[in-house]
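Following: one structure in structure tokens, then a few remarks.
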Amino acid sequence: MEKRNDLGIDNLVKYQNYIEDLYKESGTLSQKSFIDKTEWKDFVPVIEDDVVRFLKIMLQVKKPMKILEIGTSIGFSATSMALIAKKYGGTITTIEFNPLAQKQAEKNFLRYGVDKTVQIMYGDACKILPQIADESFDLIFQDVENRLYPQLQQDCVRILKTGGIFIADDTLFPVMDLGEQLKDQVEPTNQFNHMIANSSQLESTLLPIGDGVVIGIKR
Ligand SMILES: C[S@@+](CC[C@H](N)C(=O)[O-])C[C@H]1O[C@@H](n2cnc3c(N)ncnc32)[C@H](O)[C@@H]1O
């Protein structure tokens with residue numbers, strides 16, 4: 001049987017450029033336009049446009065009524081999901097502990113008319129998650145600091161409904177050329193990826209979109 005060509009890093013960049021070019025007129029809220037309108041610029045990076053497209057499709061297929069996001073930043077991913085969730089009556093709770101990010105995210109939710117669909121929970125996810133006892137979610141989007149992924153994973157699965165969807169961003173950090181300031185995120189991300197891949201509670205895969213997206217369904 002003929003061997004599939006090695007993708008190679010140059011080709012990968014070509015594929016990504018081709019895909020982004022295809023979708024540039026698609027009308028989807030883009031990272032660039034969202035950031036351009038955002039007043040506070042000193043925020044932690046937000047999801048890539050291909051991850052937005054992926055989330056939007058997942059929401060339309062699954063129509064999760066209760067969504068939990070961990071890590072709001074300026075609210076780009078929450079707004080992108082909320083624009084879909086709003087149409088079918090879903091709601092999003094998003095956790096953030098940086099007051100400047102919270103303030104900017106609230107402004108952005110108002111700007112895009114999703115302030116009734118998204119609610120920010122202020123505080124440290126490491127304290128909030130273990131305290132959630134009487135609530136469960138149809139979809140959880142993990143996008144907090146990667147260093148915390150392994151520590152929060154057990155609670156994420158616990159508060160996810162059976163058949164619920166778990167998504168985590170930035171999971172290809174272990175094989176990416178990261179700057180010095182992100183080096184300490186590599187080992188926890190690798191540990192997290194192994195936890196997910198070997199979990200008896202989740203059926204999952206890791207997709208090479210954005211900086212790597214894990215998607216799982218709770219068995
Ligand atoms: C990658 S950004 C989130 C990006 C956002 N989901 C988006 O794509 O629009 C991660 C965010 O998590 C927040 N964060 C980090 N550690 C946290 C913690 N322990 N509790 C709550 N928020 C935290 C950071 O302040 C940062 O704004």
Can you tell me which condition residue 110 does not meet? The list is (1) within 14 Å of the ligand (Cβ to nearest atom); (2) assigned to a helix (DSSP H, G or I), and all the others hold. (1)
Restrict the check to region 90-97 and report whether at least one residue is away from the ligand (no atom under 11 Å from the Cβ), in a helix (DSSP H, G or I) and either of a type in the set (Gly, Ala, Ser) or touching a helix residue (DSSP H, G or I) at 6+ places or on another chain (Cβ under 9 Å) (or both). no
Pairs with Cβ under 9 Å, 6+ apart, first in region 201-216 and without any contact (Cβ under 8 Å) to a residue 12 or more places away in the chain and closer than 15 Å to residue 165 by Cβ, second open to solvent by less than 40 Å² (accessible area, probe 1.4 Å) and not charged (D, E, K, R): 205/214; 205/215; 205/216
With the condition kept exactly as written, say whether any residue in region 176-188 is farther than 19 Å from residue 48 by Cβ and surrounded by 17 or more Cβ atoms within 10 Å (Cβ to Cβ). yes
Whichever residue in region 64-82 is hydroxyl-bearing (Ser, Thr, Tyr) and closer than 18 Å to residue 129 by Cα and, among such residues, is farthest from the ligand (Cβ to nearest atom): 72
Since residue 147 meets every condition but one in (1) away from the ligand (no atom under 11 Å from the Cβ); (2) out of contact with any strand residue (DSSP E or B) (no Cβ under 6 Å at 6 or more places or on another chain), which condition does it not meet? (1)
Which of the residues spanning region 186-212 are of a type in the set (A, V, I, L, M, F, W, C) and over 12 Å from residue 146 (Cα atoms)? 195, 196, 197, 202, 206, 207, 209
Extreme residue, modelled with the highest pLDDT, among residues of region 189-216 that are touching an Asp or Glu at 6+ places or on another chain (Cβ under 7 Å) and aliphatic (A, V, I, L, M): 213
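The values are calculated or read from the model by the stated rules, or taken from the named source; none is laboratory data. As the structure is a prediction and not an experimental result, all values here were calculated from the model. All Cβ positions, even for glycine, are placed from backbone atoms using ideal geometry, and neighbour counts span all protein chains on display. With ligands, DNA and RNA removed, areas are computed over all heavy atoms of the protein, side chains included. Shrake-Rupley method; radii C 1.70, N 1.55, O 1.52, S 1.80 Å.
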